[in-house]
Amino acid sequence: MQAGLSVDTPGAEGQAGAPSPPRMPLGRARLLGASVYWFGISAMWGGAGIFGQHQVEVVAGSDTRGVLLGVVALLGGIVAIVVQPLAGSLSDRSHGRWGRRAPWIVAGASLSVLFVVGVAGAASALALIGWLLLLQCSANIAQGPYQAYIPDLVPESQVGTASGLVGLVRLMGVIGGTALVSIGARTDDYATPLIAAGVIQLALATVSVASVRGLDVTEHAEGRPRAGLGDTLRQVFGRDVMRERSFLAMTATRFLFLMGPAVFVGFSLYYVRDALGQSGAALQEWLTIGTITVGVGTLLGTLPGARLSDRLGRKVVIRMAAVLTGVGIVLTALAPNPPLAIPGILMLGLGSGAYIAVDWALMTETIPPEQAGRYMGLANIANSVATPMAVLLGGILLDEVTRSGAPDMAPRVATLLGVLFICGALVTLQRVHPRRGTG
């Protein structure tokens, strides 16, 4: 380690050492146990989203809340881009009786509890930013290695089931965490439920690690060539990526499409409170109802979207998803009261679900199959940056409208910005040309 960080050269597996033994199917309890930490991670961040909107307004005031939220989100996205793959790479080469991934997961989850307490007690903008960035570090120290559990442990016959389970657990985590911290709207105490969400994620990290104990082992491949970190970075971020025009266009499409609903989600507290005029118990109830509605819509849109894409084509379904999402954004932004906002929120969820069902499939059809890991990793940057950029740009607009004397209109105008992002995604989609014979 003193000579510098090194990682296995991409593509080296199978060239040296014995092949990995076939993985045995996991029982239902073990499969669920291995996936349950996704609930903890998602609950913690879902709750942190509501807490952040509240606390930013407390420490910075309503005139600059949007920009500060955007800056914090963008800095957090940068931290995730750096820390998550680095932690995952380090866990690839870890050795010990706990296994490769478990020490990183437990360490990251434990530190997250400490940093959540710091976030909850932050009394200034600088302290809030500092603690949130530390929380991003610790959470991604755990998440980077944790993401490897499915490819490490799950046999090919169960990958589909495991992926679907992860998607469901993550969605339920967002709903649960948001509902938990939304209790603060009723009690005016957002800090205590946020800390509870942090403790829950540590408990579920422990459950996941214990569920796969004995399976999370290191596979050795003697004589496997190794490359320095600098060489690996040059391989991953080489300029040959620029020749893959369809891949770049699809990455831009993903980035812009995800920004569309992210503006509304990023300012959901302000929307329900200021635009719809809710407070106290009603604020908590409608925040929870809105989050559940988005979740239900996403679930209902995912399976039909996947099936339709096999019949009509991926790009056709993305266009349909864009229309649903765009109309949902407009209806939500213009809704005069909470009940009339529900149809728009449901449509937004349906469109997002249909897009999510097709996004991964179309992305795989635009990349060189022999470098799938590299390109899918690069495409994931769009996921990490989309929400922070949406919140930052929407926050600038939110603050301008607020300073003009119309705080009740500010969340509505910011939400409508999502329509422009969706339209941008439709433009870049035109330049996506899938490779034939793949997917």
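For the stretch 240-275, name all the residues that are open to solvent by 20 Å² or more (accessible area, probe 1.4 Å), among the hydrophobic types (A, V, I, L, M, F, W, C) and at pLDDT 90 or above.
Ala252, Phe255, Leu256, Leu258, Val265 - these are the residues of the stretch 240-275 that are open to solvent by 20 Å² or more (accessible area, probe 1.4 Å), among the hydrophobic types (A, V, I, L, M, F, W, C) and at pLDDT 90 or above.
Among the listed residues Val181, Val174, which satisfies the condition of being among the β-branched types (Val, Ile, Thr), under 22 Å from Ser110 (Cα atoms), out of contact with any Lys or Arg (no Cβ under 7 Å at 6 or more places or on another chain) and open to solvent by 20 Å² or more (accessible area, probe 1.4 Å)?
Val174
Among the candidates Val166, Val154, single out the residue that is at pLDDT below 70 and either touching a Cys at 6+ places or on another chain (Cβ under 7 Å) or buried (at least 17 other Cβ atoms within 10 Å of the Cβ) (or both).
Val154
Could you give every pair whose Cβ atoms fall below 9 Å, whose first residue belongs to the stretch 297-315 and is within 23 Å of Val427 (Cα to Cα), and whose second residue is acidic (Asp, Glu) and open to solvent by less than 90 Å² (accessible area, probe 1.4 Å), counting only separations of at least 6 or pairs across chains?
So the pair list comes out as Arg314/Asp359; Arg314/Glu365.
Does at least one position in the stretch 27-35 carry a residue that is part of a helix (DSSP H, G or I), open to solvent by 30 Å² or more (accessible area, probe 1.4 Å) and at pLDDT 85 or above?
There is no residue in the stretch 27-35 that is part of a helix (DSSP H, G or I), open to solvent by 30 Å² or more (accessible area, probe 1.4 Å) and at pLDDT 85 or above.
The values are calculated or read from the model by the stated rules, or taken from the named source; none is laboratory data. On a predicted model such as this, the values are computed, not experimentally measured, just so you know. Neighbour counts run over all protein chains shown; Cβ positions are idealised from the backbone, glycine included. Remember, those area values only see protein heavy atoms, side chains included, never the ligands or the DNA or RNA. Shrake-Rupley method; radii C 1.70, N 1.55, O 1.52, S 1.80 Å.
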